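Heads up, the thing below is written out as structure tokens.
Every read-out reported here was derived from the displayed coordinates using simple, explicitly stated rules and does not represent laboratory data. Predicted, not measured: the structure shown is a model, and the values here were computed from it. Glycine also receives a Cβ, built like all others from the backbone with ideal geometry; neighbour counts cover every protein chain displayed.
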Amino acid sequence: MSPHPSPATPSDEPRPAPPSRVLVLNSGSSSVKYRLLEMSDGSRLASGLVERIGERTSLVRHTPSASRGEPRERTGPVADHEAALKAMAEELDADGLGLDSPALAAIGHRVVHGGMHFTEPTVVDEAVLAEIERLIPVAPLHNPANLTGIRTATALRPDLPQVAVFDTSFHTTMPESAARYAIDVRTADEHRVRRYGFHGTSHAYVSRETARLLGKAPEDVNVIVLHLGNGASASAVRGGRCVDTSMGLTPLEGLVMGTRSGDVDPAVIFHLTRVGGMSVDEIDTLLNKKSGLVGLCGDNDMREIRRRVDAGDEEAKLAFDIYIHRLKKYIGAYYAVLGRVDAVAFTAGVGENAAPVREAAVAGLAGLGLEVDAGRNGARGTGPRLISPDGARVAVAVVPTDEEMEIATQTYALVRKPN
Ligand code: ADP
């Protein structure tokens, strides 16, 4: 100890730790999912969801980190998004993680459609809200719910930065040759008809994690990312930047999905109108909700489809074959777009778990350097892992996605940036 200790001054007092938590909110039309993260070590402090908002049997499920206790669940009416966020706030409060905590640095919001305008995560102000609102015609199901989530969270913590992270941002690097449809330019521009792409936070995260798995910088690798969940999309990522993706103006284009058709000849719509006597709304529902795997065989869960295929069910087999055929076409297309491919990464519910899908998707592509090692592909695992044989020309990998972590990372990076 110093012989002449100086008197304590305010600057000697321990400084409060800078805020290091981020709350991620994913507000859908009838649900809110949330996750509270400690960004200094990436740990999950709590997560949860409120489902069936507006119904009498809404569900609130809250899962604190293991050290804070057991998951809790209750059902009962949750009238609207405001009530849903209040329910979330109460649950967090009960774990000592209340929204009034000075440790909270920001709230990060998933926003589905950012159009051409939002190329990066953005701190929300009135102008940003107005732009998200202006995009409602191209995202009628999602953007209104995302806006409600932002407005409600702002009311709860008006002093805190609210950050919008857009599903479309990662795809704004696509060249015009990939982003434009070959339709009359003036009509397209007037109605903002172009390919925007979705699942961007997942494609960004997975392409970066794939580079890390290969021990390389994202700038040095070309990756085809296959995000196969209930919704599904592929992307071609050159040196960390998206150069093509399979979803378009809306999430309907591209791969065969759980309930969505993916690519069809647009004339199918005219035909169903003129010959089938269907309305535009009916066709919208048909292609978005009653097509894809569910339209082909009545099931959209890949586990059930595989069970039926293994039992010799012809209808399920055809659905599986159509799904794989489309997937393979996109792998080939993106191979051609990229020219050189370092890795193909499978992610999301189907991509991470369904070994038969991965095996079938690359079967017969050894000529392109794509192969799967049966033992590695069949082995259970949780983290990023290679499933191609040693020495393969193209790495084939399973890379679990984490959209909430990506939203939190982007949010935290933005609010910590010096002005
Ligand atoms: P989303 O976020 O688009 O709703 P997910 O990424 O959670 O979807 O993926 C959900 C899908 O993952 C389910 O419909 C199911 O088909 C598939 N899935 C989940 N687990 C498995 C598994 N073990 N085997 C095959 N498919 C699976």
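Numbers below:
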quantity	calculated
Subset of the range 297-318 (residues that are in a helix (DSSP H, G or I) and either in contact (Cβ under 8 Å) with a residue 60 or more places away in the chain or surrounded by 14 or more Cβ atoms within 10 Å (Cβ to Cβ) (or both))	CYS297, MET302, GLU304, ILE305, ARG306, ARG308, VAL309, GLU315, ALA316, LYS317
Among the residues listed as ALA79, ALA83, the single one being outside any loop (DSSP other than H, G, I, E, B) and either farther than 14 Å from SER47 by Cβ or over 26 Å from the mean Cα position of the chain (by Cα) (or both)	ALA83
Unique residue being under 22 Å from THR63 (Cβ atoms), in a helix (DSSP H, G or I) and in contact with a strand residue (DSSP E or B) (Cβ under 9 Å, 6 or more places away or on another chain) when the list is LEU147, LEU97, LEU92	LEU92
Conditions (1) farther than 20 Å from ILE331 by Cβ; (2) assigned to a loop (DSSP other than H, G, I, E, B); (3) in contact with a strand residue (DSSP E or B) (Cβ under 8 Å, 6 or more places away or on another chain); (4) not hydrophobic (A, V, I, L, M, F, W, C); number of the one not met by GLY197	(1)
Residue in the range 165-186 that is assigned to a helix (DSSP H, G or I), away from the ligand (no atom under 16 Å from the Cβ), under 17 Å from the mean Cα position of the chain (by Cα) and hydrophobic (A, V, I, L, M, F, W, C) present	yes
Test result for LEU255, within 16 Å of the ligand (Cβ to nearest atom) and closer than 25 Å to ILE283 by Cα	yes
Answer from HIS199, HIS227 - the residue that is on the phi > 0 side of the Ramachandran plot and buried (at least 24 other Cβ atoms within 10 Å of the Cβ)	HIS199
Residues located in the range 31-58, provided they are within 21 Å of the chain's Cα centre (by Cα), free of Cβ contacts under 8 Å to residues at least 60 places away in the same chain and assigned to a loop (DSSP other than H, G, I, E, B)	SER31, ARG52
Residue match in the range 355-372 (condition: in contact (Cβ under 8 Å) with a residue 40 or more places away in the chain, charged (D, E, K, R), more than 16 Å from the ligand (Cβ to nearest atom) and crowded, with 16+ Cβ neighbours inside 10 Å)	no
Inter-residue pairs, beta-carbon under 8 Å, first farther than 16 Å from TYR323 by Cα and in the range 246-270, second among the hydroxyl-bearing types (Ser, Thr, Tyr) and surrounded by 17 or more Cβ atoms within 10 Å (Cβ to Cβ), 6+ apart	GLY248/TYR196; LEU249/TYR196; PRO251/SER233
Among the residues listed as VAL294, VAL337, the single one being under 24 Å from the mean Cα position of the chain (by Cα), away from the ligand (no atom under 16 Å from the Cβ) and not in a loop (DSSP other than H, G, I, E, B)	VAL337
Total residues in the range 277-296, condition loosely packed, with under 14 Cβ neighbours inside 10 Å and of a type in the set (Gly, Ala, Ser)	2
LEU386 vs. criteria within 22 Å of LYS216 (Cβ to Cβ) and either out of contact with any Asp or Glu (no Cβ under 9 Å at 6 or more places or on another chain) or within 16 Å of the ligand (Cβ to nearest atom) (or both)	no
Residue ID - nearest to the ligand (Cβ to nearest atom), chosen from residues in the range 221-238 that are in contact with a strand residue (DSSP E or B) (Cβ under 7 Å, 6 or more places away or on another chain) and of a type in the set (Gly, Ala, Ser)	SER233
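Yes/no per residue for (1) in contact (Cβ under 8 Å) with a residue 40 or more places away in the chain; (2) more than 21 Å from ILE407 (Cα to Cα); (3) under 19 Å from the mean Cα position of the chain (by Cα):
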position	(1), (2), (3)
ALA145	yes, no, yes
ARG194	yes, yes, no
HIS199	yes, no, yes
SER202	yes, no, yes
SER207	yes, no, yes
LEU213	yes, no, no
ALA217	no, no, no
ALA232	yes, no, yes
